[in-house]
Protein chains: 2
Amino acid sequence: MSGTASERLAAGRSAATGGARTAAAQTAPDPDRPASPTTPAAATALGRAGTRRRADKRESILPTAFMVFAREGYAQATLDVIAAEAQVAKHTIYNHFGDKQALLRAVLAAEADKALAKNLAAVDGLRDLDGDIRGALEDVGYRLVSCFCDERSWALRRLLYAEISQFPDLLDIIQGRAANPVTEALADRLARLALAGRLRTADPAAAAEQLAALLTGSLEARGRFGTRVIPDDEKRAVARAAVDTFLHAFGPPTPAGATTS
Amino acid sequence: MSGTASERLAAGRSAATGGARTAAAQTAPDPDRPASPTTPAAATALGRAGTRRRADKRESILPTAFMVFAREGYAQATLDVIAAEAQVAKHTIYNHFGDKQALLRAVLAAEADKALAKNLAAVDGLRDLDGDIRGALEDVGYRLVSCFCDERSWALRRLLYAEISQFPDLLDIIQGRAANPVTEALADRLARLALAGRLRTADPAAAAEQLAALLTGSLEARGRFGTRVIPDDEKRAVARAAVDTFLHAFGPPTPAGATTS
DNA sequence: ATAATTTTGCACTGACCAGTGCACTATAAC
DNA sequence: GTTATAGTGCACTGGTCAGTGCAAAATTAT
C-alpha cells in the first residue's frame, strides 16, 4: 500500500572530503542549509549578537561529528574527540544540540539531506522520454549505485542499522528525508515512461522497488559493507545486469530488448 | 569474479526460542558443535572432570548473550547482565570465551550456523527438476524471505552492521558461515534447472544474485530494519513479484511465463 | 565604551563497566 | 575418601565518559 520501496537506495555522496585531523574544520561550503550567512534580516529573529559565529560553529560541528561517529561508532565516539577535531569547545556542542543523542539525530538528518540531493539528481536522468531507454536506465542505475557505494552512504547506513533498536525514530528521520523521496521520484519517472509507451507496467511503485532492489541488492556483499571499494567497471556491470533484467520484465512490449550480451 | 552474490539472504531462524529468563538454560540440542557430550574418549584430551557441565554452560551462555547483544547493542550490553540472564557467574563467561569481543565472535558464529541451516533447507526446495517451476520458486522465495525477516536474522544483521567497522573480521565469520554457502547453493540449484531446460541462463551465479536481490531488496524498508513485523501475505506477495520478474528474465524460452496477474 | 551573547578551557561529579583476585562450593573421576 | 576441574559470589581496581559549573575571553550590536 504505502510506497515501501527502494529506501535502500538513498544516502550517497561523492566522498570528496579527504583528510580527517588536518582538514577537519575546513568545512567546505557544501549546499547544506541556506542559514543566514550575511543577511542582516535574520539577525532580528534570534539573538542580536554572535549570530554569524553560531551558524559557523554549527556547520563546523556537524560534518566532523559525522566523521567521528562513522569512524568510531556512536557509542564509542566521545564528545571530547568530536570537539577536538571540530576545533570547538565541548560546551559549544552542548549549547547547540543539547546532548549526544540530539547531536546524532542532527548529524543523520543533515547527512540524509545531502544524500537525498545526490539521489534525486541521479533519478532526474530519466526525464528524457524519447531517447535510448536502456542507455538512460543504465546511466541512472550507475549513478544510483555510485550514491549507494559512497563512503558516507555506507557510514550512514551503518549508523542507522547500529542504533535503530536503541532509537527507532532514526528510521523516520532518514527514510522520510532520503529514502522515500527517492523511491517516489523514481516511480514518478517510470510512470511517465510507461505513459509514453516506453515501459510496460501498471504499478510504477512496484517497478521502482524492483529496479532499486536489482541495483543495490548485491552491493552490500560486493562492497563488504563498506570495507571494500567497488571498482567503477564493476558498478557499471551491476547496473547493466540490473537494467537488463528489469527490461525483460518491464521493457517495451513491441521491440525486443534482448540485444545485449 | 568471485561469487559475491546474495549474501544478504542468509541469516534466518524460526525464532522458536521464546522466553528469555525462564527458558534461558533450556539449550535446545541444536546441531551446534559436536563437542564431547558423553564420549569418554575426549575426556583424556582436556580435563577429566566437569566436561559435561562445561558444555552445558557454554550452550547456555551463547543464546542468552545473543539476545542481550541484540536487545541492547554490543557496546551497551554488559557482561553482568548476560551472566545474570544466563544464570551463570560472570567468571564462567570469561573462562569460556576470554573477553567480550571473543564472546561476540562466538555468538555470531553460532547464530550464523543456525541461519545457514535454515536457508539451505529453504533452497533445497528447488531439488525437483520436473514440477511447476514458478510454484517451486515462489515457495522457496517465500521461505528465504521468511528467513530474512526472522527476528534473529534482523538482530544478526544489525550487530554485524554496527560492529563491522570496529571488527572487520566479523564479516568473514558471517559471510563465510552463512551468506556465501547459501548463494552458492542457490546458484547450484539454478544451474541444474538451466541444464534441465527449465531456466535460461549462462551464469547461474548472476541469476542467483539477482533472484536474491529481488527477494530481499525491499524487505529492509518494508520491515523497517526489524522494527516492524511483515505479515505473511505480504511476504508471499513479495516472493511472487520477485519470481515473476525473475522468470521474465530467466524463464524457460519456449512457453510464456506471463500468465499471472 | 557598554551590554548581550557566545565561546573557551579546565576541573569536577557521578555513573558505568571490563576485567581480576580470592575464598569457597560443587561436581565428577579415581 | 582424595583430587582435579569447573563454577560461584563478592569485592575491588582502573579507566572511560556524559554532562555540569565557573570564570575568563572573544565577538557583535548599540
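A short reminder: the numbers here are calculations on the coordinates, not readings from a lab. Here the structure is a predicted model, which means the values were calculated and not measured. Here the Cβ is made from the backbone with ideal geometry for all residues, glycine too, and neighbour counts use every protein chain on show.
Check cross-link reach from residue A:100 to the aspartates and glutamates: straight Cα distance under 17 Å, and skip same-chain residues fewer than eight apart.
Result set, ordered by chain and number: A:59, A:72, A:80, A:85, A:111, A:163, A:169.
Could you derive backbone 3J(HN,Hα) for the range B:230-242 from the dihedral phi with the Karplus parameters 6.51, -1.76 and 1.60 (θ = phi - 60°), listing whole Hz in sequence and x where the residue is Gly or Pro?
7, x, 5, 5, 5, 4, 5, 4, 4, 4, 5, 5, 4
From the backbone phi of the range B:174-183, what are the Karplus-calculated ³J(HN,Hα) couplings (6.51 cos²θ - 1.76 cosθ + 1.60, θ = phi - 60°) in whole Hz, Gly and Pro given as x?
Once rounded to whole Hz, the list reads 7, 5, x, 8, 10, 6, 4, x, 5, 4.
Exceeding 30 Å between C-alpha atoms, which entries from my cross-link table qualify? They are A:118/B:114; A:114/A:235; B:57/B:114; A:57/A:114.
Check vs 30 Å cut-off fails for A:118/B:114.
From the phi of every residue in the range A:119-125, what ³J(HN,Hα) in whole Hz does the Karplus formula 6.51 cos²θ - 1.76 cosθ + 1.60 yield, where θ is phi - 60° and glycine or proline is x?
Running phi through 6.51 cos²θ - 1.76 cosθ + 1.60 with θ = phi - 60° gives 5, 5, 4, 5, 4, 4, x Hz.
Using a simple charge model, +1 on the beta-carbon of Lys and Arg, -1 on the beta-carbon of Asp and Glu, nothing else, what dipole does the range A:55-161 show about its Cα centre, in debye to the nearest 20?
440
Normalise the Cα radius of gyration of the range A:193-239 by 2.2 N^0.38 Å (N = residues in it) and let me know the number.
Rg over 2.2 N^0.38 Å, computed on Cα atoms: 1.49.
What is the average number of partner chain Cβ atoms found within 10 Å of a Cβ in A:201-212?
Counting Cβ atoms of other protein chains within 10 Å of each residue's Cβ and averaging gives 3.
Among rounded, prolate and oblate, which fits the range B:172-261 when a ≥ b ≥ c are the square roots of the eigenvalues of its C-alpha gyration tensor, a/c under 1.5 means rounded, and a/b larger than b/c means prolate?
oblate
What is the pair-distance distribution P(r) of the range A:112-250, computed from all Cα-Cα distances in 10 Å bins starting at 0, with each bin given as a whole percent?
Per 10 Å bin, starting at zero, the Cα-Cα P(r) for the range A:112-250 comes out as 12, 42, 34, 11, 1 percent.
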